[in-house]
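Beneath this line is the structure, given in structure tokens, with notes to follow.
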């Protein structure tokens with residue numbers, strides 16, 4: 001038994017040995033595996049933090065030291081001097097050309113369209129013959145009215161002669177007063193009939209004149225809607241064609257509510273406010289006219305006021321329903337200092353510009369007036385003749401070295417205090 005037990009001990013010892021080996025070994029293989037990864041991760045985080053600080057969080061004033069790099073080179077800029085002189089304050093809007101008057105020509109009597117006397121697109125004068133409806137049925141009606149008038153006129157003449165005879169007999173006491181009064185009433189009745197007959201004749205003659213369709217206004221004839229030979233209905237909705245008065249012609253446009261007061265003042269001034277019409281690109285002026293009228297209320301939906309400008313349009317430069325750019329002169333400043341509107345920048349302290357003083361950029365905070373045609377009025381902040389930077393603004397800051405290109409120079413001026421925040 002003892003020898004058997006002694007023989008089995010090595011077997012159980014072998015079974016228990018694997019569980020004791022891991023606890024006794026400090027596992028140097030695991031430590032050597034994680035240490036390089038941890039170091040690489042820390043190094044990557046450090047590099048990211050440095051990059052974020054350098055490109056995003058680094059103060060703007062911490063510029064690299066002067067040297068042969070790009071930061072040390074002066075910024076090339078383009079400048080333009082201020083202008084002094086009259087300045088017209090304008091309001092600009094998109095307008096629609098509209099005829100001064102528009103008339104749909106309709107037949108006033110029914111009948112067959114016999115002829116059209118004008119060509120489509122022709123310019124016609126008021127009263128000119130445009131078309132003609134068959135007049136024969138209307139002439140027949142006139143003849144009937146005239147015949148009825150003559151018949152009743154003869155009866156009236158006979159009744160009047162009878163009345164004269166009755167009055168003589170009444171003076172001789174040969175007839176009773178009642179018979180005389182009856183004859184007087186008959187004559188009055190026939191006189192009323194005569195007036196009605198005359199009205200019938202006049203109406204028939206008027207209807208006959210309507211067979212000739214004439215131009216109600218001077219203007220340009222549109223496309224024909226009814227061909228010759230068709231029956232024309234009286235006062236048909238479509239009509240025969242339209243006549244548009246284009247000399248003069250108007251342009252409808254709108255202005256926002258904040259400008260209504262200035263527009264009303266310009267409308268009431270003498271002489272009338274000048275309006276200019278330009279093409280869609282704003283490169284060619286098409287016509288010059290005056291402000292004609294204003295609407296009587298502001299559109300609550302859009303917050304704008306509708307206006308109408310009038311143009312002579314003798315050269316037919318403006319065409320109905322044409323979209324144009326309109327410029328309305330509100331007032332003229334006799335001696336204003338102006339600069340290009342593109343030179344003006346905007347910051348926390350307001351509007352400002354850059355000027356070049358002794359080869360360095362200097363910020364000038366401005367008090368600005370109205371803007372028109374790409375130029376802005378300067379009320380305060382600049383001196384006459386000073387030049388403002390027009391191009392190269394994106395790389396400038398207070399005190400940055402700059403060089404003026406294209407041979408334009410800025411006059412010497414005392415440096416202004418830096419406009420912090422501008």
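The values are calculated or read from the model by the stated rules, or taken from the named source; none is laboratory data. Computed from a predicted structure; not experimentally measured. Neighbour counts are summed over all protein chains in view; Cβ atoms, including those assigned to glycine, are modelled from backbone coordinates with ideal geometry.
Observations, loosely collected:
- The residues listed here are 159, 145; of these, the one that is at pLDDT 95 or above and in contact with a helix residue (DSSP H, G or I) (Cβ under 8 Å, 6 or more places away or on another chain) is 145.
- From the list 40, 66, 70, the one residue that fits, being modelled with pLDDT of 50 or more and more than 30 Å from residue 342 (Cα to Cα), is 40.
- Taken together, the criteria place residue 218 among residues that are out of contact with any helix residue (DSSP H, G or I) (no Cβ under 6 Å at 6 or more places or on another chain), surrounded by 14 or more Cβ atoms within 10 Å (Cβ to Cβ) and either modelled with pLDDT under 95 or within 30 Å of residue 133 (Cβ to Cβ) (or both).
- Sole exception among (1) at negative phi; (2) exposed (fewer than 15 other Cβ atoms within 10 Å of the Cβ) for residue 358, by number: (1)
- The residue list 412, 422 contains one member that is at pLDDT below 90 and exposed (fewer than 14 other Cβ atoms within 10 Å of the Cβ), which is 412.
- Flag for residue 341 being free of Cβ contacts under 8 Å to residues at least 60 places away in the same chain, touching a strand residue (DSSP E or B) at 6+ places or on another chain (Cβ under 8 Å) and under 14 Å from residue 90 (Cβ atoms): yes
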